[in-house]
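*Asks:* What follows is a structure written as structure tokens; I'll ask about it next.
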Amino acid sequence: MKFIGDFHIHSKYARATSQDMNLENLAIWAKKKGIQVMSTGDFTHPAWFQELRSKLEPSAPGLFKLKNNTSGTSFILTTEISCIYSKNGKVRKVHLLVFAPSLEAVKKINDRLALRGNLAADGRPIIGIDAIDVVKIALDASPECMVIPAHAWTPWFAVFGSKSGFDSLEECFDDYAKYIYAVETGLSSDPAMNWRFSKLDNVALISNSDSHSLQKIGREANVFDTEVSYQGIADAIKTRDPKKFLFTVEFFPEEGKYHYDGHRLCHVSLAPAQSKERNGICPKCGKPLTIGVLNRVEELADRPEGFVPPNNIPFKSLVPLDEIIGEALHVGVHSKQVLKEYEGLLGKIGSEFKILLDTSLSDLQEATLPEIAHAISCVREGKIRIEPGYDGEYGKIALPSAEKEAPFTPQRNLL
């Protein structure tokens with residue numbers, strides 16, 4: 001069965017997260033987005049775990065649904081852990097996703113982690129624990145658990161991050177690297193960037209929203225054609241079978257918060273070549289720049305830009321529908337007009353992913369304003385301009401109007 005999964009979100013118990021991020025709302029918004037399998041997020045938090053135990057029931061092997069709920073949304077048990085520790089003479093800060101096949105496995109993981117840190121402090125707990133120990137704890141809880149480096153290239157908190165990461169999975173996980181079956185590319189990189197690093201050839205590249213609000217779920221996601229179960233998902237990821245793991249849905253990486261190098265407070269944004277000309281120093285304040293994802297990928301890459309490995313899992317680069325509508329109508333993404341057009345399109349066509357991925361242009365033209373239909377078509381074709389994000393600032397997108405399409409040239413869009 002073909003379905004879409006988003007395996008990394010945060011609950012209302014995580015810092016800087018909307019209080020609307022509860023199970024009931026997640027089920028509603030997953031249906032709006034077209035996501036069949038939704039992350040629970042934050043299963044390490046005691047209060048959230050209690051909600052998971054009291055409100056969920058099995059929907060398929062290793063997956064769960066809300067009791068007395070007809071949304072059709074299944075939940076998969078995942079969490080993010082922030083590991084801060086010293087290794088090889090450096091302080092390391094690595095965020096990890098942990099997947100679990102059962103509530104019993106989650107309890108075992110939580111019991112072990114509670115001995116190492118305060119799980120109630122944050123939905124994404126900060127624990128002084130080596131990434132290897134997280135893998136050990138997860139596999140001891142259940143051999144079906146998976147540990148996947150989160151947003152693998154983000155500067156401050158990632159396995160390959162420029163500030164506190166490693167140069168390979170083996171350097172981070174030692175002999176346990178063989179149990180790392182995937183990495184999450186993050187919003188500021190896409191599979192094409194990761195394909196330049198041959199050391200990732202034997203792992204899957206997954207993409208998730210890392211959402212802190214309902215509207216942002218599904219901004220990145222994974223599309224499968226396999227059994228809708230924990231094991232079906234795990235097998236598709238582990239085997240990287242393109243008949244089962246069809247493609248990922250991606251942000252244009254330039255829109256991510258850490259694509260370029262820069263200094264947010266100084267309003268300085270630099271491409272890697274510009275940054276290197278300045279030896280990584282901010283031209284305004286004289287302090288080191290935050291080195292972004294593109295620069296870090298180029299540092300570790302052993303292949304040229306544009307290299308496509310055989311048997312890769314392809315991807316589609318999209319812009320969230322509310323952003324497309326706002327840009328097409330020249331209004332703010334949170335305006336009443338955007339909400340009206342967004343809900344109207346859902347009512348006429350169905351989910352956001354159906355609108356963005358599957359609906360023909362002629363059907364879009366019948367269902368919505370011509371400028372919105374045109375904008376969706378431009379995104380599909382990669383006719384989009386982006387001012388790249390840097391140092392915590394999202395990139396800014398621009399779409400051509402029907403009258404001013406000529407100056408726009410396609411971004412990378414490989415499917």
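*Asks:* Just round it to a whole percent: the fraction of Cα-Cα distances in the stretch 216-307 exceeding 17 Å. Mind dumping the intermediate values first?
*Replies:* On the way: 2669 of 4186 pairs.
Result for the distance tail: 64 percent.
*Asks:* With a 10 Å radius around each residue's Cβ, average the other Cβ atoms per peptide and rank 159-165, 359-365, 123-129, 74-80, highest first. Working shown, then result.
*Replies:* Details: 159-165: 23.1, 359-365: 14.3, 123-129: 20.6, 74-80: 25.1.
Those peptides, ordered most packed to least, come out 74-80, 159-165, 123-129, 359-365.
*Asks:* What is the spin-label model distance, in nm, from Leu339 to Lys87 if the labels are put 7 Å beyond Cα along the C-beta direction?
*Replies:* Between Leu339 and Lys87, the simple spin-label model gives 4.5 nm.
*Asks:* Ratio to report: Rg/Rh of the stretch 320-383, with Cα atoms as the point set and Rh obtained by the Kirkwood method; give two decimals.
*Replies:* Numbers: Rg = 10.4 Å, Rh = 11.4 Å.
Rounded to two decimals, Rg/Rh equals 0.91.
*Asks:* What is the distance, in nm, between label points placed 7 Å from the Cα along the Cα-to-Cβ direction at Cys285 and at Asp358?
*Replies:* Roughly 4.8 nm, to one decimal.
*Asks:* Still on this model: List, largest first, the extents of the alpha carbons of the stretch 280-343 along their principal axes, each in whole Å.
*Replies:* Extents along the principal axes, in whole Å: 47, 46, 13.
*Asks:* While we're looking at this one, here's another question. Within the chain, what percent of beta bridges assigned by DSSP are antiparallel, to the nearest 5? Each step should come with its number before you reach the end.
*Replies:* Values: 38 of 53 bridges.
So the antiparallel bridges amount to about 70 percent of the total.
*Asks:* Given springs between every Cα pair under 10 Å in a Gaussian network model of the chain, which of Asn194, Asn88, Asn118 has the largest fluctuation?
*Replies:* Looking only at Asn194, Asn88, Asn118, the largest GNM fluctuation is found for Asn88.
*Asks:* A follow-up question, please. Build a GNM of the chain with springs between Cα atoms under 10 Å: which of Lys199, Lys107, Lys87 gets the top mean-square fluctuation?
*Replies:* Looking only at Lys199, Lys107, Lys87, the biggest GNM fluctuation is shown by Lys87.
*Asks:* Which order do Arg385, Arg296 fall in if you start with the one that has the fewest other Cβ atoms within 10 Å?
*Replies:* Working: Arg385 15, Arg296 27.
Lowest count first: Arg385, Arg296.
*Asks:* Here is a further query. Have a look at Pro242, Pro155, Pro101 and tell me which one the Gaussian network model of the chain (Cα, springs below 10 Å) gives the largest fluctuation.
*Replies:* With Cα springs under 10 Å in the chain, the top fluctuation among Pro242, Pro155, Pro101 is at Pro242.
*Asks:* Could you list, in their original order, any pairs among Lys12/Lys178; Lys65/Lys93; Lys55/Lys257; Lys216/Lys244 whose Cα atoms are separated by more than 31 Å? Please list the in-between numbers first.
*Replies:* Working: Lys12/Lys178 34 Å; Lys65/Lys93 33 Å; Lys55/Lys257 35 Å; Lys216/Lys244 26 Å.
Table pairs above 31 Å Cα-Cα are Lys12/Lys178; Lys65/Lys93; Lys55/Lys257.
*Asks:* OK, next. If neighbour count is taken as other Cβ atoms inside 10 Å, put Leu113, Leu103, Leu289 in order from fewest to most. Spell out each step's value before the answer.
*Replies:* Details: Leu113 22, Leu103 16, Leu289 27.
The most exposed by this proxy come first: Leu103, Leu113, Leu289.
*Asks:* Take the alpha carbon gyration tensor of the stretch 57-144, find the square roots of its eigenvalues, order them as a ≥ b ≥ c, and report rounded if a/c is under 1.5; if not, report prolate when a/b exceeds b/c, else oblate. Kindly include the intermediate steps, with their values, before the conclusion.
*Replies:* Numbers: a/c = 2.55, a/b = 2.17, b/c = 1.17.
In terms of gyration-tensor shape, prolate.
*Asks:* Let me ask you something else. Take Leu115 and His330, extend 7 Å from each Cα along the Cα→Cβ direction, and tell me the distance between the two endpoints in nm.
*Replies:* Modelled inter-label distance: 6.4 nm.
*Asks:* When you have a sec, figure out the Kirkwood radius of the stretch 263-415 from all distinct Cα pair distances and drop it here in Å to one decimal? Walk me through the numbers on the way to the answer.
*Replies:* Details: mean 1/r = 0.0559 Å⁻¹.
Result for the stretch 263-415 stands at 17.9 Å.
*Asks:* Quick one: Met1, Met21, fewest Cβ neighbours within 10 Å first, how do they rank? Numbers along the way, then the final one.
*Replies:* On the way: Met1 9, Met21 24.
By the 10 Å Cβ count, ascending, the order reads Met1, Met21.
*Asks:* Roughly how many Å is it from the Cα centre of the stretch 199-216 to that of the stretch 352-405, as a whole number?
*Replies:* That distance is 22 Å.
Read the figures in this text as sums done on the coordinates, not as results from a lab. Predicted, not measured: the structure shown is a model, and the values here were computed from it. Neighbour counts are summed over all protein chains in view; Cβ atoms, including those assigned to glycine, are modelled from backbone coordinates with ideal geometry.
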